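First comes the structure, then the notes that go with it.
The values are calculated or read from the model by the stated rules, or taken from the named source; none is laboratory data. These numbers come from a predicted model, not from an experiment. Cβ placement follows ideal geometry from the backbone for every residue including glycine, while neighbour counts extend to all protein chains displayed. Just the protein is used for accessible areas: all its heavy atoms, side chains included, with ligands, DNA and RNA removed. Shrake-Rupley method; radii C 1.70, N 1.55, O 1.52, S 1.80 Å.
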Amino acid sequence: MRPRSIVILTGAGISAESGLPTFRDKDGLWEGHRVEEVATPEAFACAPELVHRFYNLRRAALATVEPNAAHLALARLQRQHPGKVTLITQNVDDLHERAGSAGVIHMHGELGRVRCTRCDHALAWTGDLGTGTVCPNCGKTGYLRPDIVWFGEMPHHMELIAEALRNADVFAAIGTSGHVYPAAGFVGEARLAGAETVEINNAGTAVSERFHRHLTGPATVEVPRWVDGLIAPGT
Ligand code: NAD
(Lines give C-alpha, C1' and ligand atoms only; values in the text may rest on other atoms or scores of the structure.)
Protein backbone atom coordinates (compact mmCIF):
# COMPACT_ATOMS: atom_id res chain seq x y z
CA MET A 1 0.00 0.00 0.00
CA ARG A 2 1.35 3.48 -0.86
CA PRO A 3 2.11 5.78 2.09
CA ARG A 4 -0.75 8.11 2.87
CA SER A 5 -0.71 11.68 1.62
CA ILE A 6 -1.30 14.15 4.46
CA VAL A 7 -2.47 17.72 3.89
CA ILE A 8 -2.41 20.16 6.81
CA LEU A 9 -3.94 23.64 7.03
CA THR A 10 -2.81 25.84 9.90
CA GLY A 11 -4.24 29.12 11.19
CA ALA A 12 -3.49 31.75 13.80
CA GLY A 13 -4.32 29.34 16.66
CA ILE A 14 -1.15 27.31 16.10
CA SER A 15 1.00 30.39 16.76
CA ALA A 16 -1.07 31.71 19.70
CA GLU A 17 0.94 29.82 22.32
CA SER A 18 4.14 31.30 20.84
CA GLY A 19 2.73 34.72 21.77
CA LEU A 20 1.26 35.93 18.46
CA PRO A 21 -2.34 36.99 19.02
CA THR A 22 -5.15 35.58 16.85
CA PHE A 23 -7.55 38.05 15.25
CA ARG A 24 -10.93 36.74 16.31
CA ASP A 25 -10.38 35.71 19.90
CA LYS A 26 -11.07 38.52 22.41
CA ASP A 27 -12.31 41.72 20.73
CA GLY A 28 -10.40 41.41 17.42
CA LEU A 29 -9.57 45.13 17.53
CA TRP A 30 -6.26 46.88 16.93
CA GLU A 31 -6.06 50.50 18.17
CA GLY A 32 -9.84 50.68 17.85
CA HIS A 33 -9.89 49.40 14.26
CA ARG A 34 -11.40 46.08 13.26
CA VAL A 35 -8.53 44.09 11.80
CA GLU A 36 -10.54 43.49 8.64
CA GLU A 37 -10.55 47.28 8.17
CA VAL A 38 -6.76 47.54 8.33
CA ALA A 39 -6.02 44.49 6.19
CA THR A 40 -7.63 45.61 2.91
CA PRO A 41 -6.44 47.23 -0.34
CA GLU A 42 -8.92 50.06 0.35
CA ALA A 43 -7.28 50.79 3.74
CA PHE A 44 -3.86 50.84 2.07
CA ALA A 45 -5.11 53.27 -0.58
CA CYS A 46 -6.73 55.64 1.97
CA ALA A 47 -4.40 55.35 4.97
CA PRO A 48 -1.12 53.71 3.94
CA GLU A 49 0.83 54.87 7.02
CA LEU A 50 -1.73 53.22 9.31
CA VAL A 51 -1.49 49.96 7.38
CA HIS A 52 2.33 50.11 7.37
CA ARG A 53 2.35 50.70 11.14
CA PHE A 54 0.09 47.69 11.70
CA TYR A 55 2.40 45.41 9.69
CA ASN A 56 5.61 46.98 11.03
CA LEU A 57 4.46 46.05 14.55
CA ARG A 58 3.57 42.51 13.45
CA ARG A 59 6.94 42.13 11.65
CA ALA A 60 8.86 43.38 14.70
CA ALA A 61 6.91 41.00 16.96
CA LEU A 62 8.24 38.03 14.97
CA ALA A 63 11.73 38.64 16.37
CA THR A 64 10.42 38.20 19.92
CA VAL A 65 8.71 34.80 19.52
CA GLU A 66 9.79 31.20 18.95
CA PRO A 67 8.14 28.17 17.33
CA ASN A 68 6.22 26.03 19.81
CA ALA A 69 5.71 22.28 20.26
CA ALA A 70 2.97 22.21 17.60
CA HIS A 71 5.18 23.76 14.89
CA LEU A 72 8.02 21.41 15.88
CA ALA A 73 5.74 18.35 15.74
CA LEU A 74 4.62 19.17 12.17
CA ALA A 75 8.26 19.55 11.07
CA ARG A 76 8.96 16.14 12.65
CA LEU A 77 5.99 14.67 10.75
CA GLN A 78 7.44 16.02 7.48
CA ARG A 79 10.78 14.38 8.25
CA GLN A 80 9.47 11.02 9.47
CA HIS A 81 6.30 10.28 7.48
CA PRO A 82 7.19 8.14 4.46
CA GLY A 83 4.50 9.73 2.26
CA LYS A 84 3.87 13.30 1.19
CA VAL A 85 3.07 15.95 3.83
CA THR A 86 1.76 19.23 2.38
CA LEU A 87 1.77 22.09 4.86
CA ILE A 88 -0.51 25.00 3.96
CA THR A 89 -0.71 27.97 6.29
CA GLN A 90 -2.92 31.03 6.51
CA ASN A 91 -0.34 32.50 8.85
CA VAL A 92 1.96 35.25 7.75
CA ASP A 93 4.56 34.45 10.42
CA ASP A 94 7.63 32.28 9.74
CA LEU A 95 7.32 29.91 12.71
CA HIS A 96 6.83 26.78 10.58
CA GLU A 97 10.06 27.51 8.71
CA ARG A 98 11.93 28.26 11.94
CA ALA A 99 10.68 24.93 13.35
CA GLY A 100 12.32 23.19 10.37
CA SER A 101 9.39 22.74 7.96
CA ALA A 102 10.19 22.80 4.27
CA GLY A 103 8.03 23.88 1.34
CA VAL A 104 5.43 25.70 3.45
CA ILE A 105 2.62 27.08 1.28
CA HIS A 106 1.83 30.59 2.56
CA MET A 107 -1.59 31.15 1.01
CA HIS A 108 -2.00 34.57 2.67
CA GLY A 109 1.55 35.81 2.04
CA GLU A 110 4.38 36.48 4.49
CA LEU A 111 5.27 39.28 6.88
CA GLY A 112 8.92 38.79 5.96
CA ARG A 113 8.37 39.75 2.32
CA VAL A 114 7.37 42.95 0.52
CA ARG A 115 6.28 43.61 -3.05
CA CYS A 116 6.45 46.64 -5.32
CA THR A 117 3.07 47.45 -6.86
CA ARG A 118 4.83 49.32 -9.69
CA CYS A 119 7.40 46.77 -10.94
CA ASP A 120 6.01 43.66 -9.13
CA HIS A 121 9.41 42.83 -7.66
CA ALA A 122 9.09 40.87 -4.38
CA LEU A 123 11.85 40.52 -1.83
CA ALA A 124 12.62 39.47 1.75
CA TRP A 125 12.23 42.31 4.28
CA THR A 126 13.06 42.52 7.98
CA GLY A 127 12.82 46.20 8.99
CA ASP A 128 10.04 48.77 8.88
CA LEU A 129 8.26 49.87 5.74
CA GLY A 130 6.72 53.31 5.07
CA THR A 131 5.37 55.47 2.29
CA GLY A 132 8.89 56.90 1.81
CA THR A 133 10.59 53.53 1.28
CA VAL A 134 12.36 53.18 -2.08
CA CYS A 135 11.94 49.99 -4.14
CA PRO A 136 15.45 48.51 -4.53
CA ASN A 137 14.51 47.17 -7.98
CA CYS A 138 12.83 50.09 -9.80
CA GLY A 139 14.10 52.88 -7.52
CA LYS A 140 10.65 54.47 -7.11
CA THR A 141 9.28 55.70 -3.80
CA GLY A 142 5.93 54.79 -2.26
CA TYR A 143 5.06 51.59 -4.09
CA LEU A 144 6.30 48.92 -1.68
CA ARG A 145 3.59 47.06 0.26
CA PRO A 146 3.60 44.08 2.61
CA ASP A 147 3.42 40.86 0.56
CA ILE A 148 0.22 39.90 2.40
CA VAL A 149 -3.06 38.75 0.87
CA TRP A 150 -5.58 41.28 2.15
CA PHE A 151 -9.31 40.71 2.52
CA GLY A 152 -10.78 40.81 -0.97
CA GLU A 153 -7.56 39.68 -2.69
CA MET A 154 -6.85 36.31 -4.30
CA PRO A 155 -4.92 33.87 -2.08
CA HIS A 156 -1.61 32.54 -3.41
CA HIS A 157 -0.88 29.02 -4.75
CA MET A 158 -4.53 27.93 -5.17
CA GLU A 159 -3.76 25.49 -8.00
CA LEU A 160 -1.07 23.75 -5.95
CA ILE A 161 -3.46 23.55 -3.00
CA ALA A 162 -6.33 22.16 -5.11
CA GLU A 163 -4.06 19.41 -6.42
CA ALA A 164 -2.87 18.50 -2.90
CA LEU A 165 -6.48 18.33 -1.69
CA ARG A 166 -7.50 16.12 -4.62
CA ASN A 167 -4.82 13.61 -3.59
CA ALA A 168 -5.28 13.84 0.18
CA ASP A 169 -5.77 10.71 2.28
CA VAL A 170 -5.74 12.71 5.52
CA PHE A 171 -6.67 16.37 5.96
CA ALA A 172 -6.12 18.28 9.21
CA ALA A 173 -7.11 21.86 10.05
CA ILE A 174 -5.24 23.23 13.05
CA GLY A 175 -6.06 26.45 14.94
CA THR A 176 -8.26 28.02 12.30
CA SER A 177 -11.73 29.44 12.92
CA GLY A 178 -13.30 28.49 9.57
CA HIS A 179 -14.45 32.06 8.92
CA VAL A 180 -12.03 32.91 6.10
CA TYR A 181 -12.70 31.43 2.64
CA PRO A 182 -11.45 29.73 0.54
CA ALA A 183 -9.46 28.03 3.35
CA ALA A 184 -12.65 27.22 5.27
CA GLY A 185 -13.83 25.20 2.25
CA PHE A 186 -10.76 22.93 2.06
CA VAL A 187 -12.33 20.34 4.39
CA GLY A 188 -15.17 19.89 1.87
CA GLU A 189 -12.73 19.42 -1.02
CA ALA A 190 -10.70 16.91 1.00
CA ARG A 191 -13.83 14.92 1.88
CA LEU A 192 -14.85 14.80 -1.78
CA ALA A 193 -11.43 13.25 -2.44
CA GLY A 194 -12.18 10.61 0.19
CA ALA A 195 -9.82 11.94 2.87
CA GLU A 196 -10.22 11.29 6.57
CA THR A 197 -10.58 14.75 8.13
CA VAL A 198 -9.57 15.97 11.58
CA GLU A 199 -9.98 19.36 13.23
CA ILE A 200 -7.54 20.33 15.98
CA ASN A 201 -8.66 23.40 17.90
CA ASN A 202 -9.18 24.51 21.48
CA ALA A 203 -12.83 25.32 20.66
CA GLY A 204 -15.57 24.53 18.16
CA THR A 205 -15.46 26.44 14.87
CA ALA A 206 -17.79 27.63 12.12
CA VAL A 207 -17.05 24.44 10.15
CA SER A 208 -16.60 21.83 12.90
CA GLU A 209 -19.51 19.68 11.76
CA ARG A 210 -17.78 19.03 8.43
CA PHE A 211 -14.93 17.05 10.05
CA HIS A 212 -14.92 13.33 10.88
CA ARG A 213 -12.86 13.77 14.05
CA HIS A 214 -12.08 16.52 16.55
CA LEU A 215 -9.10 16.84 18.85
CA THR A 216 -10.03 19.57 21.30
CA GLY A 217 -7.35 21.33 23.32
CA PRO A 218 -4.28 23.54 22.99
CA ALA A 219 -2.30 23.00 19.80
CA THR A 220 0.95 22.42 21.77
CA VAL A 221 -0.65 19.36 23.38
CA GLU A 222 -2.94 18.00 20.67
CA VAL A 223 -0.68 18.37 17.62
CA PRO A 224 2.33 16.43 19.05
CA ARG A 225 -0.08 13.70 20.22
CA TRP A 226 -1.71 13.50 16.77
CA VAL A 227 1.70 13.36 15.06
CA ASP A 228 2.87 10.58 17.41
CA GLY A 229 -0.21 8.57 16.42
CA LEU A 230 0.50 9.02 12.70
CA ILE A 231 4.18 8.14 12.93
CA ALA A 232 3.78 5.16 15.28
CA PRO A 233 0.12 4.08 15.13
CA GLY A 234 -1.10 2.03 18.07
CA THR A 235 1.62 3.16 20.49
P1 NAD B 1 -8.65 33.13 13.67
O2 NAD B 1 -8.04 34.17 14.56
O3 NAD B 1 -9.89 33.44 12.94
O4 NAD B 1 -8.98 31.84 14.56
C5 NAD B 1 -8.04 31.26 15.42
C6 NAD B 1 -8.54 29.87 15.78
O7 NAD B 1 -7.56 29.24 16.58
C8 NAD B 1 -9.84 29.87 16.61
O9 NAD B 1 -10.71 28.89 16.09
C10 NAD B 1 -9.38 29.50 18.02
O11 NAD B 1 -10.36 28.73 18.70
C12 NAD B 1 -8.14 28.68 17.74
N13 NAD B 1 -7.12 28.73 18.78
C14 NAD B 1 -6.70 29.80 19.49
N15 NAD B 1 -5.72 29.46 20.32
C16 NAD B 1 -5.50 28.12 20.13
C17 NAD B 1 -4.60 27.18 20.69
N18 NAD B 1 -3.71 27.53 21.61
N19 NAD B 1 -4.65 25.89 20.27
C20 NAD B 1 -5.55 25.50 19.32
N21 NAD B 1 -6.43 26.35 18.76
C22 NAD B 1 -6.40 27.65 19.15
O23 NAD B 1 -7.49 32.63 12.73
P24 NAD B 1 -7.51 32.11 11.21
O25 NAD B 1 -8.63 31.12 11.04
O26 NAD B 1 -6.12 31.70 10.93
O27 NAD B 1 -7.89 33.39 10.33
C28 NAD B 1 -7.32 34.64 10.62
C29 NAD B 1 -6.60 35.32 9.49
O30 NAD B 1 -5.70 36.21 10.12
C31 NAD B 1 -5.75 34.43 8.64
O32 NAD B 1 -6.05 34.75 7.34
C33 NAD B 1 -4.29 34.81 8.94
O34 NAD B 1 -3.62 35.17 7.75
C35 NAD B 1 -4.34 36.03 9.77
N36 NAD B 1 -3.54 35.97 11.03
C37 NAD B 1 -2.28 35.44 11.03
C38 NAD B 1 -1.54 35.38 12.20
C39 NAD B 1 -0.14 34.77 12.17
O40 NAD B 1 0.47 34.76 11.12
N41 NAD B 1 0.35 34.24 13.29
C42 NAD B 1 -2.07 35.87 13.40
C43 NAD B 1 -3.37 36.43 13.36
C44 NAD B 1 -4.07 36.46 12.16
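Some observations on this one:
- Solvent-accessible surface ranking, highest first, for T64, T131 at 1.4 angstrom: T64, T131
- Counting all C-alpha pairs of region 10-133, share separated by more than 19 Å (%): 53
- Under the Debye formula (equal points on every Cα, no solvent term), log10 I(q)/I(0) of the chain at q = 0.14, 0.17 Å⁻¹: -0.91, -1.27
- Neighbour cut-off at most 14 other Cβ (10 Å), DSSP loop, GluC sites (Glu not before Pro), region 103-198: E153
- Full extension of the chain segment joining R113 with N167 gains 16.5 nm, where the gain is 0.36 nm per residue of separation less the Cα-Cα distance.
- Qualifying trypsin sites (Lys or Arg not before Pro) in region 46-146, DSSP loop, other Cβ atoms within 10 Å at most 15: R118, K140
- Basic side chains Lys and Arg get +1 at the Cβ, acidic Asp and Glu get -1 at the Cβ, and with that the dipole of region 185-235 about its Cα centre reaches some 40 debye.
- With both labels modelled 7 Å from their Cα along Cα-to-Cβ, the A61 to D228 distance reads 3.1 nm.
- When nucleic acids and ligands are ignored and a 1.4 Å probe is applied, D120 ends up with an accessible area of around 100 Å².
- With all protein chains modelled, accessible area of Y181 [1.4 Å, Å²]: 130
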